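Written out below as structure tokens is the structure these notes cover.
The values are calculated or read from the model by the stated rules, or taken from the named source; none is laboratory data. What you see is a predicted model; the values in this text were computed from it and never measured. Glycine gets a Cβ as well: all are built from the backbone with ideal geometry, and neighbour counts include every protein chain shown.
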Amino acid sequence: MRETDAASDTTADAGSQRLAWLVATVRDVIDETPRVRSLVLDVPGWRGHLPGQHLAIRLTGEDGYQAQRLYSIASAPEAPALMITVERIEDGEVSPYLAGELRTGDRFELRGPIGGYFVWHAPAGGPLFLIGGGSGIAPLMAMLRHREAVSSIVPARLLYSSRSVEDIIYRAELDRFAAREDGLIVRHTLTRQQPPGWTGGIRRIDRAMLAEAGFPPAERPQVFICGPTSLVESAARHLIDLGHDPAAIKTERFGPTA
Amino acid sequence: MSEPLISRGFFGRKRPAPPANRVPPGQHVVTDFPVLSAGPTPRPSLDTWRFALQHRGSLLGQWSWSEFEALTQTSITVDIHCVTTWSKLDTRWQGVTIDTLLAAVGLSAPPAPFAMLHCDGGYTTNVPVADMLNGKAMVATRFDEAPLDPEHGGPARLLVPHLYFWKSAKWVRRLQFIDQDEPGFWESNGYHMYGDPWREQRYAGD
């Protein structure tokens, strides 16, 4: 692991000041898939973030009970509002509220940005190999949205695993990014169900798929993997077996947050 | 601090409340064992594995896997608290306490007040030595009576359960005593230098 880069320096500089709780107001809710909803938030006082960072949300019930959870930021730093993307876990405590009950105009507390390691921004260069599973796409999407916002042409590849075509988050936007032909190639794989005529992958991410969809180790790509632990563990292991430098592989393991 | 904002329509916990005084503020209890690591899981061979105790640049002692296994083993059952807000209660560990390691190299007191833990994969974290003595910390090699899974830090991780769990460094290989406190990996990336869950010291400045 590399301990410092331009991005982490930024965080460290700001680090001595306490991250204050801020009030977020829901500007918009976007149903991404049947189980996943994005929240577009106005957060006065937000001091900006780097693509890949996350934030903490704190909900307080009328009886004073509080719950905190972490969510990756899905929006680019250049976007006018902050976005998080929440997968609803039916027996969870916070996600059914955020991805169900919450409406435009509602308010809750958050603080951030958090994390200075799993980050990429255009000055860090490339090539960039992003590997995501399910809602683990969120921090990778922040990187791709940033890449687009600053008109970066850093060579980039996204390999994204979803259960079915209906479960692909940000599908239209990813299609639009890929159609720009600016050096980004998007590859989908569907692990449970594929529609007729599907030309993408039809199995879980494996070694052959990583070799085909990624960059050769000689090109020294920066690799970011985010998704369920099993996907992250196996993808990281296969990439090392293929000859990639372990220090160039950054991981964020998240199951859906209850 | 001002009153927290009430979240309309949020009623929170649907499950039974955890035992009183077991769960620090902002934490929730889980029954699974989530995995969080910044990079790939290292898989060192036990044949070449070594654990070293160091003071500044000089070696105080070093153990191979079989030598380490021959040291006095201690078992404890403790609650652990991850900064990402999950807590897990009554986790059972076995390993070698830092007290045992110091005694094994013939030291009755630690040579310096701070420590940096060094791990496979390049991870580091800093812990005050006082937080590791008198049974407060160990180098753990077993979880629930089974060898520690690589994903959870096997073959050996630090266990310092009264601090947020990023201090319990996975894949630990070297404990270095140092004279001045220095930030480790997450501490250089915006996380708190000490990390007391009961004072909610999650990030720098908390």
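Exactly one of these conditions fails for B:Phe177: (1) within 12 Å of chain A (Cβ to nearest Cβ); (2) more than 30 Å from A:His49 (Cα to Cα). Give me its number.
Against the list (1) within 12 Å of chain A (Cβ to nearest Cβ); (2) more than 30 Å from A:His49 (Cα to Cα), B:Phe177 comes up short only on (1).
So that you can scan it fast, the table gives a plain yes or no per residue for (1) farther than 16 Å from A:Ile169 by Cα; (2) buried (at least 18 other Cβ atoms within 10 Å of the Cβ):
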{"position": "A:Gly200", "(1), (2)": "no, no"}
{"position": "A:Arg204", "(1), (2)": "yes, no"}
{"position": "A:Ala211", "(1), (2)": "yes, no"}
{"position": "A:Pro216", "(1), (2)": "yes, no"}
{"position": "A:Pro221", "(1), (2)": "yes, yes"}
{"position": "A:Asp241", "(1), (2)": "yes, no"}
{"position": "A:Asp245", "(1), (2)": "yes, no"}
{"position": "A:Glu252", "(1), (2)": "yes, yes"}
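Scan region A:51-59 and give yes if some residue there is surrounded by fewer than 21 Cβ atoms within 10 Å (Cβ to Cβ) and not charged (D, E, K, R), otherwise no.
Scanning region A:51-59 turns up no residue that is surrounded by fewer than 21 Cβ atoms within 10 Å (Cβ to Cβ) and not charged (D, E, K, R).
Run A:Arg147 past the list (1) outside any helix (DSSP H, G or I); (2) more than 13 Å from every other protein chain (Cβ to nearest Cβ); (3) at pLDDT 95 or above and report the number of the one that doesn't hold.
A:Arg147 satisfies all of (1) outside any helix (DSSP H, G or I); (2) more than 13 Å from every other protein chain (Cβ to nearest Cβ); (3) at pLDDT 95 or above except (1).
Among the residues of region A:91-112, write down those that are over 24 Å from B:Ala204 (Cα atoms), within 11 Å of chain B (Cβ to nearest Cβ) and either free of Cβ contacts under 8 Å to residues at least 12 places away in the same chain or more than 21 Å from the chain's Cα centre (by Cα) (or both).
Across region A:91-112, the qualifying residues are A:Asp91, A:Glu93, A:Pro96, A:Glu101, A:Leu102, A:Arg103, A:Gly105, A:Asp106, A:Arg107.
Please pick out the residue among A:Arg192, A:Arg237 that is surrounded by fewer than 19 Cβ atoms within 10 Å (Cβ to Cβ), free of Cβ contacts under 8 Å to residues at least 40 places away in the same chain and not in a loop (DSSP other than H, G, I, E, B).
Every option except A:Arg237 fails the conditions.
Given the structure, is A:Thr191 at pLDDT 95 or above and under 19 Å from A:Arg35 (Cβ atoms)?
yes
Is it the case that B:Gly184 is within 11 Å of chain A (Cβ to nearest Cβ), within 14 Å of the chain's Cα centre (by Cα) and not in a helix (DSSP H, G or I)?
Values: within 11 Å of chain A (Cβ to nearest Cβ): yes; within 14 Å of the chain's Cα centre (by Cα): yes; not in a helix (DSSP H, G or I): yes.
Criteria met by B:Gly184.
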